[in-house]
Amino acid sequence: MNIKSLYLDELINEMKLINQPAFRAKQIFEWLHVKLVSSYDDMTNLSKELRNTLKDLYPLTVLEETRRLMSKKDGTIKFLFRLNDDRVIESVLMKYHHGNSVCISSQVGCRMGCTFCASTIGGKERDLTAAEMLDQIYRIQVMTGERVSNVVVMGTGEPLDNYDNLVRFIRILSDSKGINISTRNITVSTCGIPDKMRQLADEELPVTLALSLHAPNNEIRKRLMPIAKQYELSEVMDAFRYYYEKTGRRLTVEYSLAEGINDKEEHAKELAVLLRGYNCHVNLIPINPIKERSYVKSDYHNIQKFKNILEKYRINVTIRREMGSDINAACGQLRKSYMDRRDE
Ligand code: SAH
């Protein structure tokens with residue numbers, strides 16, 4: 001059990017077991033989730049004796065920064081963190097006018113197998129705990145000394161494939177007694193697992209849901225994303241609508257464009273029809289070619305044309321700025337290149 005993954009009421013119960021009053025649990029929760037300390041010795045309002053007991057009973061795990069790369073273009077910073085079992089994950093800090101946004105990983109590797117994605121090449125190694133997801137944000141906030149205002153679960157891994165830890169992570173992250181990042185400022189991105197999307201809708205945790213659609217129909221989607229063989233597009237779209245109806249949160253659609261595959265005029269029109277009646281915002285992403293695959297990025301004019309067609313159909317759409325393109329910031333590529341070198 002990881003003490004940083006516990007809800008406050010669970011921590012209170014845990015402290016009861018070692019004859020500590022509830023206010024001790026509150027103090028510890030604050031040290032962990034507000035002051036973001038990395039050792040029990042920093043918890044200066046606890047007795048030395050209690051700190052030693054805690055050390056023995058609940059070893060405190062902290063992510064260790066192993067590498068940091070900063071983009072010269074836009075200040076995006078990519079972090080590689082080492083987990084306690086020596087595995088490595090990556091997180092990205094993006095600076096926008098409206099605040100600092102951190103993109104976190106939810107698993108070590110991924111088993112979804114999207115054909116354009118670097119994170120899935122070695123398969124899934126394991127799920128991340130809630131503590132490990134939180135700590136990506138905590139360490140970045142401590143290291144930069146600047147408040148993190150937005151969190152996107154869009155790094156390596158499929159968050160809805162690690163559902164219980166994800167929900168625990170969101171509840172602690174948005175707890176007013178913790179780091180207190182509002183659910184309005186949290187986005188969870190999924191490749192589209194309908195039953196889990198519905199379950200999330202029912203949690204009363206109104207985070208923004210982003211759906212990685214990438215295709216206007218089943219046929220193309222199956223070529224890009226194996227998950228589409230498991231769930232029909234109509235099932236995914238129904239669950240997507242359900243999410244909006246339950247939470248009232250505007251939906252986000254992610255659509256990465258690969259030349260000749262999903263970026264033609266007819267695809268834009270088909271997409272517009274598919275999204276008719278949805279309260280959504282479409283993010284067009286020029287696909288990031290990875291060396292293991294042969295996809296080619298659509299050129300800028302094509303993407304612009306695609307955007308114009310969607311706009312004609314009155315669909316909200318933006319072309320996502322490519323952040324940190326000079327530092328392998330996209331989608332598991334830094335971790336991949338690090339692991340490749342480590343394995344040599
Ligand atoms: N598993 C989740 C979140 C992680 S991926 C999901 O599928 O949404 C975050 C986003 O980056 C997804 O939309 C994913 O499809 C996209 N992506 C992955 N590799 C990419 C690449 N090489 N180029 C462009 N987008 C990519």
**Fill in**
Over the range 110-134, the set of residues away from the ligand (no atom under 11 Å from the Cβ) and within 21 Å of E65 (Cβ to Cβ) is E125, R126, L128, T129, A130, A131, E132, M133, L134
**Message:** Give me the residue from the range 124-143 that is of a type in the set (S, T, N, Q) and in contact with a strand residue (DSSP E or B) (Cβ under 7 Å, 6 or more places away or on another chain) and, out of that set, nearest to L8 (Cα to Cα).
**Reply:** Q136
**Request:** All but one of (1) buried (at least 21 other Cβ atoms within 10 Å of the Cβ); (2) hydrophobic (A, V, I, L, M, F, W, C); (3) within 18 Å of S38 (Cβ to Cβ) hold for V151, so report the exception by its number.
**Result:** (3)
**Prompt:** Taking the condition hydroxyl-bearing (S, T, Y) and over 20 Å from the mean Cα position of the chain (by Cα), does S256 pass?
**Reply:** no
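Residue by residue, here is whether (1) in contact with a Cys (Cβ under 7 Å, 6 or more places away or on another chain); (2) at positive phi holds:
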{"position": "G123", "(1), (2)": "no, yes"}
{"position": "I137", "(1), (2)": "no, no"}
{"position": "M143", "(1), (2)": "no, no"}
{"position": "G155", "(1), (2)": "yes, no"}
{"position": "E158", "(1), (2)": "yes, no"}
{"position": "Y163", "(1), (2)": "no, no"}
**Request:** Please state which one of R139, R126, R111 is in a loop (DSSP other than H, G, I, E, B), in the same structural domain as E204 (by TED's automatic domain parsing) and basic (K, R).
**Result:** R111
**Request:** Would you be able to say whether some residue in the range 50-58 is in contact with a Leu (Cβ under 8 Å, 6 or more places away or on another chain) and surrounded by 14 or more Cβ atoms within 10 Å (Cβ to Cβ)?
**Result:** yes
**Request:** Within the range 7-32, work out how many residues are of a type outside the set (D, E), in contact (Cβ under 8 Å) with a residue 12 or more places away in the chain and surrounded by 13 or more Cβ atoms within 10 Å (Cβ to Cβ).
**Result:** 14
**Prompt:** Taking the range 253-266 only, how many residues are within 19 Å of C114 (Cα to Cα) and not in a loop (DSSP other than H, G, I, E, B)?
**Reply:** 6
**Complete:** Expected single match for within 26 Å of V108 (Cα to Cα) and charged (D, E, K, R) among D164, D202 is D164
**Request:** Tell me, please, whether a residue that is away from the ligand (no atom under 16 Å from the Cβ), assigned by TED's automatic domain parsing to the domain that holds G75 and part of a loop (DSSP other than H, G, I, E, B) can be found in the range 149-159.
**Result:** no
**Complete:** Here the residues within the range 212-235 that are within 16 Å of the ligand (Cβ to nearest atom), on the phi < 0 side of the Ramachandran plot and in contact with a Leu (Cβ under 7 Å, 6 or more places away or on another chain) are A215, P216, R221
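The values are calculated or read from the model by the stated rules, or taken from the named source; none is laboratory data. Keep in mind that this is a model prediction, so the values were computed, not measured. Neighbour counts run over all protein chains shown; Cβ positions are idealised from the backbone, glycine included.
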